[in-house]
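First comes the structure, then the notes that go with it.
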Amino acid sequence: MNRRLVDRAIGNTCWSGPSGRSCYIFNTNQVVWQTARSTCLQDGGHLVTLETEGESDFILQILRSSSEYASYNWWNAANDIDNEGVWVWADINQPVTIDRWGSTLGGIEPNNEGGQEHCGELRSDFNFLLNDSQCTKKFMFICEYEWN
Ligand SMILES: [Ca+2]
Ligand SMILES: [Ca+2]
């Protein structure tokens, strides 16, 4: 953990993840997706990426069990901004391979509703499974910090 990250993490719990290689800070400011992304990058991290089911389970468990967090939606790094329908994790530039998309009465996410949904949220009323949402909505967000 580098010094800058230590400084930033003061006052915020950085939850150590199951891989032992990163930790996560839950930021309760509600901002658009690009602001969430740049805020994490400025602090030496990146918007949370859920590459494995174990990592996804870990984050979802925190959101589901926290009275402070459970009623809000949360940005993560999943997006299809560059290529519609091709989902990648921003900043680590890896494809989204886990199948943790939510579903609605209208069908399965991601549904690109209105042709305008390109950013990944962990949606409270989907029990924090993934939904594609409009990037200009304002949600809380989770930053992930890899140990150096
Ligand atoms: Ca889309
Ligand atoms: Ca959607």
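For the pair ILE81 and SER67, the difference between a 0.36 nm per residue extended length and the Cα-Cα distance amounts to 1.8 nm. Once you list every other residue whose beta carbon is under 11 Å from the beta carbon of GLU84, what net charge do they have if Lys and Arg are +1 and Asp and Glu are -1? Residues close to GLU84 contribute a combined charge of -4. May I ask for the angle, rounded to the nearest 10°, between helix 33-42 and the longest principal axis of the chain, with both axes built from Cα atoms and the value confined to 0 to 90°? Helix 33-42 sits at roughly 20 degrees to that axis.
Hey, what's the per residue convex hull volume over the C-alpha atoms of the range 3-146, in cubic angstrom?
On the way: hull volume 14.7 nm³, N = 144.
Given the Cα convex hull of the range 3-146, per-residue volume reads 102 Å³.
Give, as a single signed number, the net charge of other residues whose beta carbon lies under 11 Å from the beta carbon of SER133, with Lys and Arg counted +1 and Asp and Glu -1. Net local charge, SER133 excluded: -2. Annotation: the residues ILE98, ILE25, sorted from fewest to most other C-beta atoms within 10 Å of their own C-beta, follow the order ILE98, ILE25. Helices in the chain, meaning DSSP H runs of at least 4 residues, each add -39500 (n - 2.57). Divided by all residues, the mean residue ellipticity at 222 nm is -6000 deg cm²/dmol.
Which whole-number percentage describes the relative contact order of the chain, with Cα contacts under 8 Å and a sequence gap of 6 or more?
Numbers: 274 pairs, mean separation 51.1, N = 148.
Relative contact order comes out at 35 percent.
Okay, which of the range 78-95 sit inside 20 Å, backbone N to the point 7 Å along the Cα-Cβ direction of GLN34? 78-93, by backbone N distance to the label point. Here the label points at THR97 and ASN112, each 7 Å from Cα along the C-beta direction, are separated by 2.4 nm in the simple model. Spatially, the range 85-110 and the range 8-68 are offset by 18 Å when compared through their Cα centroids.
All of the numbers you see were taken from the coordinates with simple rules; none came from a lab. Computed from a prediction, not measured in an experiment: that's the story for all the values here. Using ideal geometry, Cβ is built from the backbone for each residue, glycine included, and neighbour counts are taken over all protein chains shown.
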